[in-house]
Amino acid sequence: MNALEIKGLVKHYKDFTLDHLDLTLPSGCIMGLIGENGAGKSTTIRLILDMIRRDEGSITIFGKDNRDNLKLQKEDIGVVFDEVGFPECLTIHQIGKIMKNTYRNWEQGVFDRYVKEFALPEKKPFKEFSRGMKMKLGIAVALSHHAKLLLLDEATSGLDPVVRDEVVGIFNEFTRDESHAVLLSSHIVSDLEKICDYIAFLHKGKLLLCEEKDVLLGEYGIIHCTREQIGWIPSDAVKGRKESAYGVEAIVRRDYIPAGMSVEPITIEELFVFMVKY
């Protein structure tokens, strides 16, 4: 069963439209939702959570419409936003008590284990936490009520590299259970490239592509050639090109590259930048 299916999703604002978004996240997988600020990543996550009303389309979570039995479905969803919003005066012990009365499946022992694993200060009020501590606390809460789907909106943004690497490891461990899945939005593409099974590119509310990461890395490559040589390749096989006085640098589908032309591997970040910018 797919953890998440989005079909024809539309949301209109005065100056922005999320335009007929289609996404499928299989169980046991991590999907990276990549896009610049304002691309529609947060809008998508808020629509999944039914925090805002969609104008068109459908969203199903583990086969059920996201608007049906929402209270029960939210037991299965762990959410971490860019800003973790707990009252600033509360300590970890007090936050644990509140969560126990919020989630039916809350496990205090699991929460305590993550607090120790993350070396979080148990006696400090939340307002004294660093950004990394706040994010790790949000993740600890999300993982302590038997969530099956994690929705993470810029959860690694602003974290130092050591903490980011630690958090990435947690998500990998979470999806070892094939009934679990993660949707992780970020503009830090290097984080997503490390752990994601699927990559989705959003740009100005439109989905540019959604594919398995390894397929993308195997399907496309970078070539350096002349303007004449780039003309030998069908335009729909070129995902982006940059011209200079020295020639053309382009991302191209490998199966359309003429024999004998040198091709270099790409990164997901290079593919996204070329598709958006060039």
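A few remarks follow.
- Some residue of the stretch 128-137 being in contact (Cβ under 8 Å) with a residue 24 or more places away in the chain, outside any helix (DSSP H, G or I) and within 25 Å of residue 23 (Cβ to Cβ): no
- Scan of the stretch 148-165 for residues that are at pLDDT 90 or above and surrounded by fewer than 21 Cβ atoms within 10 Å (Cβ to Cβ), ordered by number: 148
- Among the residues of the stretch 178-209, those that are among the β-branched types (Val, Ile, Thr) and closer than 17 Å to residue 24 by Cβ comprise 182, 199.
- Per-region count, the stretch 92-120, residues out of contact with any Lys or Arg (no Cβ under 6 Å at 6 or more places or on another chain) and under 21 Å from residue 163 (Cβ atoms): 12
Yes/no matrix, rows are residues, columns are (1) closer than 19 Å to residue 80 by Cβ; (2) acidic (Asp, Glu); (3) surrounded by fewer than 19 Cβ atoms within 10 Å (Cβ to Cβ):
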{"site": "173", "(1), (2), (3)": "yes, yes, yes"}
{"site": "179", "(1), (2), (3)": "no, no, yes"}
{"site": "185", "(1), (2), (3)": "yes, no, no"}
{"site": "194", "(1), (2), (3)": "yes, no, yes"}
{"site": "207", "(1), (2), (3)": "no, no, no"}
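- Qualifying positions in the stretch 248-260 - over 24 Å from residue 212 (Cβ atoms) and in contact with a helix residue (DSSP H, G or I) (Cβ under 7 Å, 6 or more places away or on another chain): 248
- Considering residues of the stretch 1-23 that are free of Cβ contacts under 8 Å to residues at least 60 places away in the same chain and under 16 Å from the mean Cα position of the chain (by Cα) only, the residue farthest from residue 197 (Cα to Cα): 6
- Residue satisfying all of: in the stretch 27-67; under 22 Å from residue 197 (Cβ atoms) and surrounded by fewer than 16 Cβ atoms within 10 Å (Cβ to Cβ); farthest from the chain's Cα centre (by Cα) among these: 63
- Failed item, numbered, when residue 213 is tested on (1) surrounded by 18 or more Cβ atoms within 10 Å (Cβ to Cβ); (2) more than 26 Å from residue 3 (Cα to Cα); (3) of a type in the set (D, E, K, R): (2)
- Put simply, of 64, 71 the only residue that is at pLDDT 85 or above and either outside the structural domain of residue 129 (by TED's automatic domain parsing) or among the acidic types (Asp, Glu) (or both) is 64.
- Test: residue in the stretch 194-209 that is of a type in the set (Asp, Glu) and in the same structural domain as residue 61 (by TED's automatic domain parsing): yes
- Test: residue in the stretch 234-253 that is touching a residue at least 12 places away in the same chain (Cβ under 8 Å) and exposed (fewer than 13 other Cβ atoms within 10 Å of the Cβ): yes
- Filtered residues of the stretch 106-118 (kept if modelled with pLDDT of 90 or more and in a loop (DSSP other than H, G, I, E, B)): 106, 107
- Across the stretch 142-167, the number of residues qualifying as closer than 19 Å to residue 46 by Cα and either assigned to a helix (DSSP H, G or I) or without any contact (Cβ under 8 Å) to a residue 60 or more places away in the chain (or both) comes to 2.
- In the stretch 186-225, the residue that is farthest from the chain's Cα centre (by Cα) out of those that are of a type in the set (Ser, Thr, Tyr) and modelled with pLDDT under 90 is 190.
- Where a residue in the stretch 168-182 is more than 12 Å from residue 142 (Cβ to Cβ) and its partner, wherever it lies, is surrounded by 12 or more Cβ atoms within 10 Å (Cβ to Cβ) and among the small types (Gly, Ala, Ser), with Cβ under 7 Å and at least six apart: 175/28; 175/181; 178/27; 178/28; 179/27; 181/3; 181/27; 181/28
- Listed by position, the strands (runs of 3 or more DSSP E) enclosed by the stretch 181-270 that each have at least 1 residues that are within 30 Å of residue 152 (Cα to Cα) and among the hydroxyl-bearing types (Ser, Thr, Tyr) are 181-186, 198-203, 220-225.
The values are calculated or read from the model by the stated rules, or taken from the named source; none is laboratory data. Bear in mind that the values here come from a model prediction, so they are computed numbers and not experimental data. Because the Cβ atoms are built from the backbone with ideal geometry, glycine has one as well, and the counts that use them run over all protein chains shown.
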